[in-house]
Protein chains: 2
Amino acid sequence: MPVSEFDLIRTYFNKPGLIPTQEQSARIPLGIGDDCALIDLPPEKLLAVSMDTLIADVHFPAKADPALIAQRALAVNLSDLAAMGAEPLAFTLALSLPKAEESWLQAFSLGLETLVQTYHCPLIGGDITKGSLSITIQVHGLLNKDEVMTRKGAKPGDLVYVSGELGSAGLALSLMSNGMSLDKPDTKELHVAYFQPEPRISLGQGCAGIASAAIDISDGLMADLGHIAKQSDVGIELDAKAIPIARAVKKIMGAMGDRSKGLNLALTAGDEYELAIIVAEDRREALQQTAVAINVPLTLIGRVVKGSRVKCLDNNGHEIEVKNLGYQHF
Amino acid sequence: MPVSEFDLIRTYFNKPGLIPTQEQSARIPLGIGDDCALIDLPPEKLLAVSMDTLIADVHFPAKADPALIAQRALAVNLSDLAAMGAEPLAFTLALSLPKAEESWLQAFSLGLETLVQTYHCPLIGGDITKGSLSITIQVHGLLNKDEVMTRKGAKPGDLVYVSGELGSAGLALSLMSNGMSLDKPDTKELHVAYFQPEPRISLGQGCAGIASAAIDISDGLMADLGHIAKQSDVGIELDAKAIPIARAVKKIMGAMGDRSKGLNLALTAGDEYELAIIVAEDRREALQQTAVAINVPLTLIGRVVKGSRVKCLDNNGHEIEVKNLGYQHF
């Protein structure tokens with residue numbers, strides 16, 4: 001029997017746990033079920049919006065656990081809000097599916113619910129269509145008008161920080177692309193890094209008003225810093241030995257005979273969803289206090305300079321040759 | 001040579017004609033090129049958002065002119081703003097493409113530009129990914145807080161109006177699905193109705209504050225009125241002889257031996273993007289004056305009654321059997 005989009009929405013998406021709570025309804029006077037959803041913005045706030053698509057077998061394995069696909073799709077979008085310092089408000093979902101399979105939709109819906117609850121970011125609308133598996137999400141967040149943190153504010157002399165550790169998600173993708181599974185104890189950390197990246201929402205909000213610029217690492221550390229360099233018209237010099245390479249990556253890459261133990265991966269792998277943060281020297285302490293207060297590791301990895309390139313320097317100040325500078329989309 | 005998403009965005013999307021004008025920048029302090037776009041909402045307004053996906057060979061023929069695909073994708077989204085009475089503000093675009101073909105992208109971009117200019121609705125962000133051809137658009141519009149027009153406000157005794165004429169887009173789809181081309185003079189009207197539907201933005205805005213409820217006809221007149229009936233907890237009775245069937249539909253269906261000359265099609269075909277408007281008897285004149293002022297034909301087609309069903313009645317008040325009640329998505 002054919003299933004209508006409306007049945008699917010009612011059963012799997014228009015339900016408590018996903019839709020706005022009564023308290024959230026003050027900002028969302030109308031959610032799923034009409035021609036539009038409605039957002040009521042506090043007068044002192046801007047609305048930040050970001051849209052990302054994840055395609056099966058391009059951005060995730062089609063056969064992956066639907067709950068993890070859902071979590072990854074929402075997390076990578078929330079990461080864009082984090083990079084602007086915005087507070088999550090709500091999201092819309094365009095889900096394209098080859099067929100309406102009950103168990104898949106049930107798991108996908110539950111996966112979404114976990115993040116909706118964690119980040120207080122309910123579902124307010126979208127579309128379900130028949131097609132090859134892909135997920136487009138738009139997130140909406142709130143930002144103080146006087147605390148906008150873009151990619152344009154970096155100045156020579158500023159310091160470059162990165163949150164967390166790098167390389168795990170990149171290695172996970174590389175192993176999965178080569179047909180390896182990530183279900184061993186040694187690779188569990190990689191699996192979590194890839195499928196359940198933690199959007200740095202609290203850190204992003206904490207940085208707003210302190211940092212000069214920020215970006216989330218979706219294309220690769222050097223490529224993403226390149227966006228900041230370009231938009232701020234500056235150069236960036238990274239200190240190779242300071243780059244925080246994830247423990248599991250060091251171990252596995254070391255065992256594979258990689259002498260720099262994953263440095264190249266940490267510099268270039270996309271999908272990490274840590275934040276790269278640029279801060280003026282005199283705001284350095286405020287930034288560090290913020291990171292300590294919310295318990296997110298932050299590492300000083302370099303400095304903004306005059307110029308236009310992003311370089312990674314070894315102990316002797318020589319530029320390290322980096323292979324595969326970020327993700328090519330086509 | 002591989003092409004990056006950033007090159008494509010720069011060449012085909014981040015350009016004058018598509019992005020906000022200097023005047024529009026007051027409401028859009030940040031557009032394409034950062035982690036998020038930013039929207040600054042006037043305090044007396046709500047933001048209306050709607051998201052729709054169009055999949056190649058489901059919602060449009062993959063081989064169709066890319067300019068027309070672009071126009072249809074944006075128009076069907078704008079139609080949702082029209083149904084809420086919202087003024088277009090901006091849109092985001094998630095474009096999934098099998099390959100980055102210059103001529104296709106050029107035409108697609110120009111197609112978008114036409115509607116961006118007509119409806120003052122610039123592009124502020126999105127995503128381009130490699131995958132099977134599909135287009136997800138989210139539109140954002142402005143609405144006065146005291147003029148929200150939903151699907152819930154219909155009351156027994158209210159009158160039911162529809163804008164324009166019905167059936168052309170449905171017949172176009174049906175003919176194309178059966179391998180027929182629409183390039184003959186007699187079918188040109190159908191081609192335009194399908195690929196270049198005119199979102200009823202002015203009419204929608206004019207209705208806000210007057211109508212009890214409104215919806216755009218994307219699933220089919222009776223199916224969409226069914227959404228209003230359900231959400232308003234009312235029944236609706238349509239007068240078969242009043243349904244405005246498009247001239248081309250009458251002619252072609254008549255020639256095909258359809259004695260009701262396309263009535264069933266006009267009642268059930270989706271993709272029409274006319275507005276169905278419910279209005280209280282005492283606001284009838286205000287609605288008609290609005291329609292005359294903006295020069296949109298409006299036809300009285302029925303009445304809201306107690307009950308829960310949408311029926312179409314013949315001259316003798318007998319219910320007409322309607323086949324294929326709206327589009328089944330899966």
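The values are calculated or read from the model by the stated rules, or taken from the named source; none is laboratory data. Just so it is clear, the structure is predicted and the values come from calculations on it, not from any experiment. FYI the Cβ positions are ideal-geometry reconstructions off the backbone, even for glycines, and counts take in every protein chain you see.
Restricting to segment A:166-196, and then to whatever is closer than 18 Å to A:Asp219 by Cα and not in a helix (DSSP H, G or I), can you tell me which residue is nearest to the chain's Cα centre (by Cα)?
The selected residue is A:Gln196.
Report the residue count in segment A:124-161 for those that are touching a His at 6+ places or on another chain (Cβ under 6 Å) and more than 7 Å from every other protein chain (Cβ to nearest Cβ).
Going through segment A:124-161 one residue at a time, the tally reaches 0.
Each row is one residue, and each column tells you yes or no for (1) in contact (Cβ under 8 Å) with a residue 24 or more places away in the chain; (2) in contact with a Leu (Cβ under 8 Å, 6 or more places away or on another chain).
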position: B:Leu133; (1), (2): yes, yes
position: B:Leu143; (1), (2): yes, yes
position: B:Glu147; (1), (2): yes, no
position: B:Val160; (1), (2): yes, yes
position: B:Leu171; (1), (2): yes, yes
position: B:Leu182; (1), (2): no, yes
position: B:Glu198; (1), (2): yes, no
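Can you tell me which condition A:Leu97 does not meet? The list is (1) surrounded by fewer than 22 Cβ atoms within 10 Å (Cβ to Cβ); (2) more than 8 Å from chain B (Cβ to nearest Cβ); (3) touching a strand residue (DSSP E or B) at 6+ places or on another chain (Cβ under 9 Å), and all the others hold.
So A:Leu97 meets the others, but not (2).
Checking the structure you have, find out if any residue of segment A:181-199 is over 30 Å from A:Thr92 (Cβ atoms), among the β-branched types (Val, Ile, Thr) and not assigned by TED's automatic domain parsing to the domain that holds A:Asp34.
Yes, some residue in segment A:181-199 is over 30 Å from A:Thr92 (Cβ atoms), among the β-branched types (Val, Ile, Thr) and not assigned by TED's automatic domain parsing to the domain that holds A:Asp34.
Check A:Val279, A:Val234, A:Val249 and return the single one that is touching a Pro at 6+ places or on another chain (Cβ under 7 Å) and either buried (at least 21 other Cβ atoms within 10 Å of the Cβ) or of a type outside the set (Lys, Arg) (or both).
Exactly one of A:Val279, A:Val234, A:Val249 is touching a Pro at 6+ places or on another chain (Cβ under 7 Å) and either buried (at least 21 other Cβ atoms within 10 Å of the Cβ) or of a type outside the set (Lys, Arg) (or both), namely A:Val234.
Of everything in segment B:16-56 that's more than 11 Å from every other protein chain (Cβ to nearest Cβ), without any contact (Cβ under 8 Å) to a residue 40 or more places away in the chain and assigned to a loop (DSSP other than H, G, I, E, B), which residue is surrounded by the fewest Cβ atoms within 10 Å (Cβ to Cβ)?
That would be B:Gln22.
I'm trying to understand the selection: among the residues of segment A:79-94, which are more than 11 Å from chain B (Cβ to nearest Cβ) and buried (at least 24 other Cβ atoms within 10 Å of the Cβ)?
A:Pro88
Looking at A:Leu143, A:Leu173, can you tell me which residue is under 29 Å from A:Cys121 (Cα atoms) and modelled with pLDDT under 90?
None of the other options fit; the residue is A:Leu173.
Quick grid of which residues meet (1) over 23 Å from the mean Cα position of the chain (by Cα); (2) within 14 Å of chain B (Cβ to nearest Cβ); (3) hydroxyl-bearing (Ser, Thr, Tyr):
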site: A:Asp271; (1), (2), (3): no, yes, no
site: A:Ala280; (1), (2), (3): yes, no, no
site: A:Ala291; (1), (2), (3): no, no, no
site: A:Ser308; (1), (2), (3): yes, no, yes
site: A:Asn324; (1), (2), (3): no, yes, no
